[in-house]
Structures are given as C-alpha cells and as structure tokens.
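Report on the structure given below.
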Amino acid sequence: MALSKVGVVATAQTEFRPAWNNAQHIDLISSVVTSVFKGSGLTIDDVDFIIDSGSDVLDGRSISNCGFLGALGAHHKEEARVEEDGLWAALYGVNKIRAGSSSVGLIVAYSKPSESNVDLYWNAQVEPFYQRPVGFGQRAANGIMAQRYLADSGLSSRDLADLVADRWAAAAASGKVSIDALPDADAVLAAKEGAAPLTELMFARPVDGAVAVLIAREDIARRVSRNPAFITGMGTSMDTHSVAAREAGRLSSAATAAAMAYRNAGWTSADADIAEISGSSVIGELLAIEALGLAAAGKGLSATRDGKVAINRSGGALPADPIMATGLVRLAEASRQLSQPETSSGGAPSRAIVHGAGGVGMQNNCVFTLEV
Amino acid sequence: MFSAPDSYPIDLPTFHSEINLPYTLTPGRAAGIFLAEVKNRRIVASRFASGQVVAPAQDFSSTNGEEPEAFVEAPQTGVLTAFTRVDGHVIGFIRLDGCDNDFAHRILAELDDIAIGQRVEAEWDDSVEQSVLAIKGFRIAPDAPVGTVKPLETMEEPLGVIPYAMKLDYEHAYGPYYGRMFDEIRENGRFMGVRSPGSDIALLPPREIDDVTHGRTGTWKACADTGTIRGCSIINMEVYGQTRKVPYVYAEIVLDGASTRMIHVIEIDSLEEAKERIKPGTRVRAVWTQGERQGRVSDIERFEVIEG
Amino acid sequence: MGRHVGIVGVGQTHHARRRTDVSQAGLVREAVDRALADAKLSMEDIDTVVVATGPVLFAAVNQPEKWVVDAIGAQGKSVVRLTSGGGAGFAGALAGYYQVAGGFSERTLVVAYDKLSEGQLQYSISTLYDPFWGREFAVGIMGFSAAYWRARMDVLGHTEEAAAMVAAKNRKNAIANPYAHVKKEVSVEDVLNSKPLCWPIKLLDVPPISDGAAAIVLSSEKMAHHSTSRPAWIRGMAYCCEADNAPERSLMLSEPLAIASRQVYRAAGITNPRRQFDVVEVQEPYSCFELNYYESLGLCPPGQAADLIASGATQLDGDIPVNPSGGCMGANPIGAVGVIRLIEAATQVMGRNETHQIKDAKTALVQSGGGWANLRGCAVLSA
C-alpha cells in the first residue's frame, strides 16, 4: 500500500560542536523548537504533537523528556519519547499523521554526549553477562567489522582515511559543524587507535546539538512550504543482539529496512539523487551504502566517488554524530537539499534516501525515502 | 543561520553529578548455569533441536529466538575468526571446536602475533568466580588438539542473582540561565529568576523559554528567600542514597516573587506534630548554611516554618 | 482517516516480587509467548514490535530492546522502544496503535516490562529530578506523590480514609487475580494504621515492587478475524503532558488527563462517562491517585471522589467498577502496568476475563501515566 504523503515543512538545527559548554539541554532544545517555525507561518500552537528522541543515559536523568517538556513546546500536548535515534521519532510522527488524528507534528532530537562517558553509553547496551565484562562494545564491534571489511574488500586504511577526510571537509564547508582543525588523511591515519584497524578519527565524532523537524499533512505542507519534501517510504529493521551472529560483511537489517522503504516509494536506490547516511564508523558508513543498494558488497567507497548518487553532501555522521539525533539530522539535511536546491550546489535533486542507525555495530536501521 | 541560545553565560566550570547504583541481576537459566559452572572450569553451551551448538550458553537462539533442547559442554579450544584491539586489549571472536557460533572474548596475545584461523585455547583465572572473566581469555595454541562437544550429565544450579554496579559520571553545563542563578546564589545569597512573558512573576529556576506559552521570558528578578508550601510530605522511610535523617519534611515551596516550585526539606521533631504544623499554605523561610556558599541549592541548609 | 485497530491477543507473566529463574529478556519472552498463543499467531505473523520499559536505570541495561529482540525471536523486524516512566507501557501501546492505524503495520506486538527486583527503585526514580535543582532532596517518586496528594487533601477532600478505601478495594480485588502476587485482604483501618512512609502515604497505600511483563497484539480490522471473533477495539487513545514546573502548575485536577480524556471521549462518543463505561482500569501507583483520576476522568465532579469511593460505586459490584483486577496493588511491574491495564480492560469487553468478568461489559476505560504525575493518558475499548 502506497504511503499517503506527509511533508517536511521546516527544519532547524543548532551548530554541532564537540561540546556546547555554555548551554544546557533545554537551551539547545528550546532554541531549535523556537527557530523551526521561522518563515513557516506556523506557530507552536499549530502543533498537535511532539515526538522526541534522547537518551536517559547520556542525559544523566531518568525519563529525561519529562524535565524538558517546556523547552520542547509540549505543554498540554501529546508527547512521546522514542529512546532511539530521532529518525524513529519521525517514523512515529508520520504514522500519527497518516492515521488521520493529527495534522502537524514536531520531531525533536538532541544530544549532549560531552556531558557523559560515551563508551559507557554504548557498553551499557550490551547484555551484562557475557559481552559487557570482556569489554565488547561499540568500538570493538566496529573494529571487528573493519578488520573483516578490509580483508574482504582489499581496501587499505589509507582508503578509509581519504573518505574520512572528505567527510570532514564537506562538514566544514557546510558551516554547520564546529571544526577546530580539519584533519587530512594523514591526520586520520595518525590519530590514536580507536579499535584496530580503525583510528579514533575513523569513528563518528560525538557532538552536542539539537535538531527539530516540522512535519505536516500534505495539504498543509503545500500551503505553508514553498517546495516541501514528502516522505514516501519508511522501513526499519533490527538485527540480532549478537554481533558475532550477524551476517558478516553486510548490514542485513539496513538492507531489509531499505527494501521496505523502496517498496513503499515505488523506486529504488538507482533512482535516487542524494543520500544522507549514518555510520558509527567509516566502515559503518560503507556497509550502510552497500546495504541501501548504492553499491555492491565491498564497493561502497567507489559509490562515494562516482557521483551517481550524491552521498552525504553534509559530511554525514563521521564529523558530527549527535548520538540519538544523527538520523534525524540526515532527514533535515536531505529535505533541505531537496526543498532548497539553491542553497547547495548539485543541481535540482528530486529523490533522497535517508538512513539512521542505532545500537552497537548498527544493530538497528531505519530508512526513509523523500521526494519533491 | 542556525539556531543558538541567545544569551551568554557567566563562565563556570561544569557541574559534577554522579549516579552510582548497585544491582542484583538475574542471568536466567543458560547464563546462570554457565556462570555457575566456570568454577568447574567448564564452558557450558546450548544445543538446539537443529543440532546447532552455541557457546556460551543462551536461553534463546540469536537467529530466531528458539529455546535450546539441552545444555552441553563445549571444548576449550577453537579457532580465531575475527579480532580487534580496544584500549590495549585484544578482543576477538572464537569459534570453539564443534560449535556453530562465535564467542566474543579477550585474546591473550599481541595484535601483531595473531591471525585469522589460528588455534586458541581458554586460559582460566582462578581468582575469578561467577563471571565470564573466570576465563581470563584465549591464548594462541597452535598445537591444541581439536576438542569435541560433550554432554553435560550433571550441572550446577543456575545462579539466581549476580551483583552488579553501574557508576555514571556527568559534567553538566550550567548554561546561561542556571549559570547566572547559581552565581547569584553564591555571590549574593539570593535567588534570581526571570519574569514570565508579560508578567512580573518569576520562573525559578530561570529559563530562556516559558513552558506554557513557549514565548521568550523577560527580565531577571530577585525572589525572596521566604515562601509558601504548595505540597509536602513527611518522609519517614529510609531509602538508598538519602542524605537526611528521618523523619523530615519534603516540601515543594513557591518562593515569594516566583510562580514555580523548588524542592527542599524542613526539619521536624516528630511526625505527629509536623502533620498539624506543616501543610499547604504554611509560610516558610530559608535557613542558609554557615560558611562559604558553594552556589548550589544546598547553600540553603533547610527551610523553617515562619511562626505566627 | 485512520484504520480501526483492535487488541486481538493478550498475555502477561505471573508477576512476582522477585524472579530469579529468568533474566529480563526471558521474562519478556514469557509474556510474548502467551500473547501470541492467545492471538493464535506466531512471531512470523507480526510485522512490527514495540518494546516499552521504565527508565534504563531500573535495570542497568541501556536500550534493552536490543537485547530483548533475541529472546522474542523478532530479529529482522521493525523494533523500537518507547519509554515514559510509569506510563511506558501505555505510551508503547499508543505508538503501536499508530503503526497499525497509520498503515505501517497490519499486526503489531507491544510488550512492556520491568524487573524491579534488580535495581534500587526509589533511588533510581530520584534521578528523574534535575541534578542541579532538587535531586539531592528527592525521595523517589513517593515524596512527590505524597506532597501532590497533600496539596489536594484539604481542598478536594481526598482524605486518608478515602484513599484507604481505594487501597482496601484494590487489594481485595487482587485476591482473585491469578497474575497478582500480593493477595491479602486489608481493612480501611489496617491501611490507616499502617506505617507512614511518606505521610500521608502509608505502607498499605503503596503497591508492591514487582517483576513482570505484559504483551498485546494489535491488529488491523482486515487481519483481526484470524485471531478472534471479538477483538477489543480501540475507540480512542491519547497521552498528554504538562510541563512539570510550569508557572502555577495545578496540583488539583490532572490537566493532561483531562485534556486526554476530552480528546478520547470525543473520538469514542462518550458524553457521560459514569453511565457509559461498564468497567474502568487505572494505574494507581499510590492509592491516592485513584481519587484524582475519578475527577480528572469525569467519573465524578471535582471534590466528590471521596464520596464516589465511599458510595461503593467503584467496587466490584458497583455501577462503575474500578480496577476489578486489583490494579497496581496486586502487582506493579511499573513499565508494564499500562499494558496490564489494557489487557484487563480488553478481556472485559471481549467477555473473557478469567476471574473477575464484569457481566455484559461492553465499554471500558483505561488510564495510565507516569513522570511527576505530568504524563497522563487514557483509552476507550469496546467489543
């Protein structure tokens, strides 16, 4: 069954910084919730519901949404907390509008990993009896995925470093990510070991920030937005908890999610103009590119170069990973590239693939298709 | 332009906060038996109806959730199938002989000395019990004979509970509003809020955006250190992490000049007396701590009832 | 418009103070197996799964759905977790409802659980409070809940006696509930004489601490007949909030619950809740809350909750029985409670409640919530 259309009306995001030392969560949240309405003609009063993403463990508070309701603009509205990347919050919001009971929704995701220990956040996700005690967490999972990927694809660490450097350069050019010193490939290779064979710079860099995305029923979206991007497909799939039991060399849950989204949209990866993809490491990004059908297994790197589909023009998650918000940022980036092509070089794209991920070794994956 | 908070903070270090909790986790049958059996130096595995053997033992198949038909003993030898190094520890996947899955564990070797396909064997750590770390890790053992999966005729009772602790440290940023509020508390011993839009009454703690209207809040305003109780309860039970001796009163107090509640405590002599004397509407005043103020809510030691 | 959504299968564990024979994930599996069997389905028939739990700090596993997925055999499926403190189960069911209503799924499994024996309950709830502002004085959620009750006590007449009647009623009802684990009749006097913990809350006003899980299968209209000829249709469902420390927050009527019920009643055609509902299931984390719900849900006017409980109307044999299951007083695995209440109401309107069927029950009201009593929702179910 084809999805009825829900449009992205407006987006707002803070700058993504290694640390927003002079702002609290609520400062970042209320800032994007305030600015998302600018130019839309809508106000917070027009919003029927808020769906938000954030992590109690990162925030250092239980039911952290409960303390942020005012900043979220949720007072006396329907509100829900999806404790997963914000792209899943958007999925909830789209379902809610498609069900007909609401017409305008606000999706918010935020992150302040600078305030906590990111390794602990990840390690606390693995079951506590077998994997957690031996130190098997996000870094080990990505290290093992990388060791296998390099062996299978014949790529070198230098190849990975080149891609990382490109992504940072793209993020720097976008002006939306705070970068003190732009690393070149040599710097990426020379960085401290993250999880062999990956250096720390080959991992997505946790950053602080917030993003808000205003979505609406088709008629409202067309009325209030000049050229809204419509969400035409959504798919999500979670893999087994055991990284060791997952299909080696392939993010099969991302492939499942993508197949679902493409089926809804009625088109496939070859028809896309742009893709915004999340990766917990450079290997995660390459595996995601392949799982989304943008390249054959082991050929993800060439897909980032051949220009058929413009992948991660924003720089993606490697230079800026506001954990729990990264996928929603991809949605915001892609929808802006479609709706306001004049603001980014690259012609007038009409179709976008958006990808978000969660969990150790990207256990959970979510894919949206967007069209103008 | 992207959004950013509009006002600028007083330069403060971060606020340290700690969450430190003890747990008693139940591993379930499979992991419970595995963890009980490490003292016998046995690696317990699950065998499924298909004949697949999975080590360490699982209550549910990672492939499809199926439950095992039996627990068996896996050999202590196998082959390295993948590896990485994190914080100096080599972590690898080990396919134990006769098993159909990979066991994630530590590899007791330098990264440069290992390769996929190498034979490995478990090395035990006698000082560790009831943990997967009773296996210290797997060492390279080129000549280790190929082991076989054996039936487990008798086995230990599964561990019902294992102690666990989780300690999380945070360095919270104050931000512009809390920054000024706590600075005012420390420097001047006063509570500063910000006015609600179009109102003279302050929000305390202060914030940039009003919760109800989502409009921008107004100018700063000093609130009194006297106020009125909105709600209160008499705490007469001891709970983990508590810092005051029971009984005492937990009070939600609206300071004069503010419209929002702050939480604090009132000391009492007895529960019965407090029921009568302390209730919604009761007027209270702050009792500041002696000595240097730290710029925290606890610079107020407690509140006390304003008699009469 | 959205599609009709029905509850077509239910399952819950036999809740206990402490289960040392199963892990958190194994506990979830038990409820899922029961719900799937009840719906005459297997996991293969399920499109999407929603997991709901209380706060992560209850049990030391961050994003536990990523562990639980293996135990329920949902690998490869759409799995997402909702959390909303005490209302997590209800919030999860609402997310599942919209997955089906919005056409994303034909059948959605919602499973909610908490294994509270594994952590330090009140301390971990204290971390709900702002670390800068108030956490050091927090006493779990009980300190707040008692203060919230105290604020209403004189103004709305929510007396200790009235709350004790709620506790006695629910504890008595729990005796017949096969899934409850606290089954002891107490008198109003017993409640009043029990030890003050956070006065006015006393020991017997407080539900137990429980390990438990509960699951429901939600189905589209098209697929429902595979499972049952009499689904419990969701006629309306909403979950609203209020900013905790908004200026002049009313501690009297629950504004978010009043807003949610207005919305839900409009959708379900409820104009006279007292007469139209045959049975009500509410989440009363302390006895005093049930009084607040009577008024906020419009079962009686503000200030008359004490009269309502005293009249016997909400007893098992009254005209509007509230918590015939015993509510939280029989078992309180916090994150699961929203789903347990939905199960109890669903089985009533499906006409197959195991032990405490209300005769000819056709329309049921469910309430749930969490946070600082500032996250509140309700649903209307009918056959």
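The values are calculated or read from the model by the stated rules, or taken from the named source; none is laboratory data. Predicted, not measured: the structure shown is a model, and the values here were computed from it. Cβ: placed from backbone, ideal geometry, glycine included. Neighbour counts: every protein chain shown. Side chains included, ligands, DNA and RNA excluded: accessible areas come from the protein's heavy atoms. Shrake-Rupley method; radii C 1.70, N 1.55, O 1.52, S 1.80 Å.
Select from segment C:56-75 the residues that are modelled with pLDDT of 95 or more and more than 9 Å from chain B (Cβ to nearest Cβ) and write down the one among them that is farthest from C:PHE104 (Cα to Cα).
Looking at residues that are modelled with pLDDT of 95 or more and more than 9 Å from chain B (Cβ to nearest Cβ), I get C:ASN62.
What number goes with the only condition from (1) more than 30 Å from B:CYS223 (Cβ to Cβ); (2) open to solvent by 40 Å² or more (accessible area, probe 1.4 Å); (3) not in a strand (DSSP E or B) that B:ALA144 does not pass?
(2)
Could you list, in sequence order, the residues of segment B:195-210 that are of a type in the set (Asp, Glu) and surrounded by 24 or more Cβ atoms within 10 Å (Cβ to Cβ)?
Result: B:ASP210, single match.
Within segment C:1-60, how many residues turn out to be hydrophobic (A, V, I, L, M, F, W, C) and assigned to a strand (DSSP E or B)?
Going through segment C:1-60 one residue at a time, the tally reaches 9.
Looking at C:GLU30 and the list (1) farther than 19 Å from C:SER219 by Cα; (2) at the interface with another protein chain (Cβ under 7 Å from one of its Cβ atoms); (3) at pLDDT 95 or above, which single condition is not satisfied?
The single condition C:GLU30 does not satisfy is (2).
What's the number of the only condition in (1) within 12 Å of chain B (Cβ to nearest Cβ); (2) surrounded by 24 or more Cβ atoms within 10 Å (Cβ to Cβ); (3) touching a Ser or Thr at 6+ places or on another chain (Cβ under 8 Å) that A:GLU15 fails to meet?
Only one criterion in (1) within 12 Å of chain B (Cβ to nearest Cβ); (2) surrounded by 24 or more Cβ atoms within 10 Å (Cβ to Cβ); (3) touching a Ser or Thr at 6+ places or on another chain (Cβ under 8 Å) is unmet by A:GLU15, namely (2).
Among A:ALA295, A:ALA254, A:ALA275, which is the only one that is buried (at least 20 other Cβ atoms within 10 Å of the Cβ) and in a strand (DSSP E or B)?
Exactly one of A:ALA295, A:ALA254, A:ALA275 is buried (at least 20 other Cβ atoms within 10 Å of the Cβ) and in a strand (DSSP E or B), namely A:ALA275.
Output the qualifying pairs, or none if there are none: Cβ atoms under 8 angstrom, residues six or more apart or on different chains, first residue in segment C:344-358 and assigned to a loop (DSSP other than H, G, I, E, B), second residue surrounded by 20 or more Cβ atoms within 10 Å (Cβ to Cβ) and acidic (Asp, Glu).
C:ASN353/C:GLU344; C:ILE358/C:ASP278
Residues that are more than 9 Å from every other protein chain (Cβ to nearest Cβ) and surrounded by fewer than 24 Cβ atoms within 10 Å (Cβ to Cβ): does segment C:143-158 have at least one?
Among the residues of segment C:143-158, at least one is more than 9 Å from every other protein chain (Cβ to nearest Cβ) and surrounded by fewer than 24 Cβ atoms within 10 Å (Cβ to Cβ), which makes the answer yes.
So which residues in segment A:194-208 are small (Gly, Ala, Ser), under 12 Å from A:PRO113 (Cβ atoms) and surrounded by fewer than 24 Cβ atoms within 10 Å (Cβ to Cβ)?
Correct list: empty.
I'm checking my understanding of the structure. Among residues of segment B:164-173 that are open to solvent by 20 Å² or more (accessible area, probe 1.4 Å) and either charged (D, E, K, R) or out of contact with any strand residue (DSSP E or B) (no Cβ under 6 Å at 6 or more places or on another chain) (or both), which one is nearest to B:ALA31 (Cα to Cα)?
B:LYS167
Which of the helices (runs of 4 or more DSSP H) contained wholly in segment A:39-119 include at least 3 residues that are within 13 Å of chain B (Cβ to nearest Cβ) and either open to solvent by 10 Å² or more (accessible area, probe 1.4 Å) or touching a residue at least 12 places away in the same chain (Cβ under 8 Å) (or both)?
Output list reads A:56-59, A:69-72.
If you check B:THR81, B:THR63, which single one turns out to be closer than 17 Å to A:ALA245 by Cβ, at pLDDT below 95 and surrounded by 18 or more Cβ atoms within 10 Å (Cβ to Cβ)?
Only one candidate passes the filter, namely B:THR63.
Pick from segment B:44-57 the residues that are surrounded by 24 or more Cβ atoms within 10 Å (Cβ to Cβ) and in contact (Cβ under 8 Å) with a residue 60 or more places away in the chain: which of them is nearest to the chain's Cα centre (by Cα)?
Result: B:PRO56.
Conditions (1) surrounded by fewer than 24 Cβ atoms within 10 Å (Cβ to Cβ); (2) under 21 Å from the mean Cα position of the chain (by Cα); (3) assigned by TED's automatic domain parsing to the domain that holds A:PHE37; (4) under 24 Å from A:ALA275 (Cβ atoms), marked per residue:
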{"residue": "A:VAL213", "(1), (2), (3), (4)": "no, yes, yes, yes"}
{"residue": "A:THR236", "(1), (2), (3), (4)": "no, yes, no, yes"}
{"residue": "A:ASP239", "(1), (2), (3), (4)": "no, yes, no, yes"}
{"residue": "A:ARG250", "(1), (2), (3), (4)": "yes, yes, no, yes"}
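Which residue, of C:VAL280, C:VAL380, C:VAL322, is modelled with pLDDT of 95 or more and over 23 Å from C:HIS15 (Cα atoms)?
C:VAL380
Pairs under 8 Å by beta carbon, first residue away from chain A (no Cβ under 13 Å) in segment B:117-136, partner open to solvent by less than 50 Å² (accessible area, probe 1.4 Å) and at pLDDT below 95, six or more apart or different chains?
Hits for this filter: zero, empty list.
What number of residues within segment A:333-359 are buried (at least 24 other Cβ atoms within 10 Å of the Cβ) and either touching a helix residue (DSSP H, G or I) at 6+ places or on another chain (Cβ under 9 Å) or within 14 Å of chain C (Cβ to nearest Cβ) (or both)?
10
Of the residues C:GLY96, C:GLY26, C:GLY86, C:GLY76, which is more than 18 Å from C:GLY9 (Cβ to Cβ) and open to solvent by less than 10 Å² (accessible area, probe 1.4 Å)?
Unique residue meeting the criteria: C:GLY26.
Restricting to segment C:134-156, name every residue that is assigned to a loop (DSSP other than H, G, I, E, B) and either touching a Leu at 6+ places or on another chain (Cβ under 9 Å) or of a type in the set (Lys, Arg) (or both).
C:ALA138, C:GLY140
Just need a number here: residues in segment B:50-72 that are within 20 Å of B:SER131 (Cα to Cα) and touching a helix residue (DSSP H, G or I) at 6+ places or on another chain (Cβ under 8 Å).
Residues in segment B:50-72 being within 20 Å of B:SER131 (Cα to Cα) and touching a helix residue (DSSP H, G or I) at 6+ places or on another chain (Cβ under 8 Å): 6 in total.
Quick one: is C:ALA164 in contact with an Asp or Glu (Cβ under 8 Å, 6 or more places away or on another chain), more than 9 Å from chain B (Cβ to nearest Cβ) and either of a type in the set (A, V, I, L, M) or not in a loop (DSSP other than H, G, I, E, B) (or both)?
Yes.
Looking at A:ILE179, A:ILE220, A:ILE231, which one is modelled with pLDDT of 95 or more and within 14 Å of chain C (Cβ to nearest Cβ)?
A:ILE231
Do you know which of the residues in segment C:99-113 that are part of a loop (DSSP other than H, G, I, E, B) and open to solvent by less than 10 Å² (accessible area, probe 1.4 Å) is nearest to the other protein chains (Cβ to nearest Cβ)?
C:GLY102
Among the residues of segment C:177-201 satisfying the criterion of being in contact with a Gly (Cβ under 8 Å, 6 or more places away or on another chain) and closer than 16 Å to C:HIS14 by Cα, which is nearest to the other protein chains (Cβ to nearest Cβ)?
C:HIS181
Examine segment C:124-132 for a residue that is at the interface with chain B (Cβ under 7 Å from one of its Cβ atoms) and surrounded by fewer than 23 Cβ atoms within 10 Å (Cβ to Cβ), and state whether such a residue exists.
Yes: one or more hits.
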